[in-house]
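Enquirer: This is the structure, below, for whatever I ask next.
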Amino acid sequence: MKKIIMASILAIVVFLTLRSDLSIISKETPEMTISSEYHEISGHIHKGETLFDIFKKYKLDVKDLFKLREASADIHRLRYLNPNQPYKIILDNYDQINSFKYWINDETILHIMNTEAGFFAEKISIAYEKKIEYIEGTIQTNLVSALGKEKGGLLLALQLSDIFSWDIDFTTDIRNYDIFRIAVEGLYVDGIFKKYGEIVSAEFVNNGERFRAYRYEINGEADYYNEKGKSLRKAFLKAPLSFRRISSTFTKGRMHPILKVYRPHHGLDYSAPEGTPVSASGSGIIVFCGYKGHYGKLVTIRHQNGYHTYYGHLSRIPVGINVGTRVEQGQVIGFVGSTGLATGPHLHYEMRINNSPINPHSIKIPKGNAVPEILMAGFETFKKEMNDLFAGSNFRGYVSVTP
């Protein structure tokens, strides 16, 4: 009888001990789930790839996909993603999304976080570290070839041509062995070069003539000025097209390609692919817009001081470009075509003053505004700093090669 009682007591003790241990385990288990670690999925968007494809590839919960789309709907739609753009998904150890990042472009990241209230989306500006890069080179064929198309060279070439577009026509004025020097912002993330920012200062020696530009900010507005503090902006751009080959130059008599007779050709013909945007070389009022004889589709703009510019052989004219419309310098007023008497797609560009034809490349147009006298001391200090850099050996050279 004593043995039975002792066995019963022992069984009760064991049961109570096990119950106590089970109680301890049940209390510790939630703490273990809270301390879960995170892991990352990252990559670049492939051509034609959707967020659904990414979720399917990594076997993620499609319900979260709809929640991400809903959260970002008002600031950026996730239905379509741009190829080659990076993305990053942070997951917990249950493969539940903690956060999602998508690089919309070079300036902005879409960031979606999983909060207690649900998914929350915001746009974040990319914080770049800025360093001044010093670049110089010599033209062998053209500016794009000299700078190269890799690592932002093409955009840098376009930016440089925009700065000097009032003084240099980069389709006709460029000569072999022209020299350029550039001080430009290099934008870095985590020490890795991403792209170029604004050109701070530049020098271009074209056919022996030196041009300089200094980026200077006045009342929050940045512009480029020459060595005398005069804005590089003028009433007319040197050309209505950028980086295009002129098929024929201004002449008083040439063989017309269709009529096969010599006749005055008061303008410049820019050879360019059909559909290339044509920009107004100066601000003014549209005085003709339509079809006109050998010009084909033509836009004519009246500018100040008796100037008129003509843009002929256009393939089409944008909606909103009508007689009486005011257009600004650089605004697209048509697209290259071959309407009228034209052998192929090109732009006929003509300039007249008081109805007399003039060579657009021979006129001297006064420059725009100047740095105010009260700010000239600061501008002169900045200019000296840039000139000292150009005179030094801080430049890293680009070797120009003929492709």
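The values are calculated or read from the model by the stated rules, or taken from the named source; none is laboratory data. Bear in mind the structure is a predicted one, so any value in this text is a computation, not a measurement. Glycine also receives a Cβ, built like all others from the backbone with ideal geometry; neighbour counts cover every protein chain displayed. These accessible areas exclude ligands, DNA and RNA; they are computed on the full protein's heavy atoms, side chains included. Shrake-Rupley method; radii C 1.70, N 1.55, O 1.52, S 1.80 Å.
Enquirer: Specify which of the listed residues (MET351, MET386) is within 30 Å of ARG212 (Cβ to Cβ), modelled with pLDDT under 95 and assigned to a strand (DSSP E or B).
Expert: MET351
Enquirer: Select from the range 92-104 the residues that are modelled with pLDDT of 90 or more and either open to solvent by 50 Å² or more (accessible area, probe 1.4 Å) or assigned to a strand (DSSP E or B) (or both) and list them in ascending order.
Expert: Scanning the range 92-104 gives ILE97, ASN98, SER99, PHE100, LYS101, TYR102, TRP103.
Enquirer: Now, a different point. Looking at the structure I just gave you, is LEU110 more than 30 Å from ILE54 (Cα to Cα) and either without any contact (Cβ under 8 Å) to a residue 24 or more places away in the chain or not in a loop (DSSP other than H, G, I, E, B) (or both)?
Expert: So LEU110 does not fit the description; no.
Enquirer: Are any residues in the range 337-361 touching a residue at least 60 places away in the same chain (Cβ under 8 Å), closer than 11 Å to GLY296 by Cα and touching a strand residue (DSSP E or B) at 6+ places or on another chain (Cβ under 8 Å), and if so, which ones?
Expert: If the condition is that a residue be touching a residue at least 60 places away in the same chain (Cβ under 8 Å), closer than 11 Å to GLY296 by Cα and touching a strand residue (DSSP E or B) at 6+ places or on another chain (Cβ under 8 Å), then GLY337, SER338, ALA342, LEU347, HIS348 are the ones that fit.
Enquirer: So, one more: Which condition from (1) open to solvent by 40 Å² or more (accessible area, probe 1.4 Å); (2) at pLDDT below 85 is the one that SER271 breaks?
Expert: Looking at each condition in turn, SER271 falls short on (1).
Enquirer: Pick out the one residue from VAL205, VAL184 that is more than 24 Å from SER271 (Cα to Cα), of a type in the set (A, V, I, L, M) and within 21 Å of the chain's Cα centre (by Cα).
Expert: VAL184
Enquirer: Among the strands (runs of 3 or more DSSP E) confined wholly to the range 174-235, which include 2 or more residues that are farther than 17 Å from LEU156 by Cα and either open to solvent by 10 Å² or more (accessible area, probe 1.4 Å) or of a type in the set (S, T, N, Q) (or both)?
Expert: So the answer is 192-206, 209-218, 221-225.
Enquirer: Give me the residue from the range 108-128 that is surrounded by 12 or more Cβ atoms within 10 Å (Cβ to Cβ) and within 18 Å of the chain's Cα centre (by Cα) and, out of that set, farthest from TYR196 (Cα to Cα).
Expert: ILE109
Enquirer: Can you pull out the residues in the range 322-343 that are of a type in the set (A, V, I, L, M) and within 12 Å of SER279 (Cα to Cα)?
Expert: Correct list: VAL327, VAL332, ILE333, VAL336.
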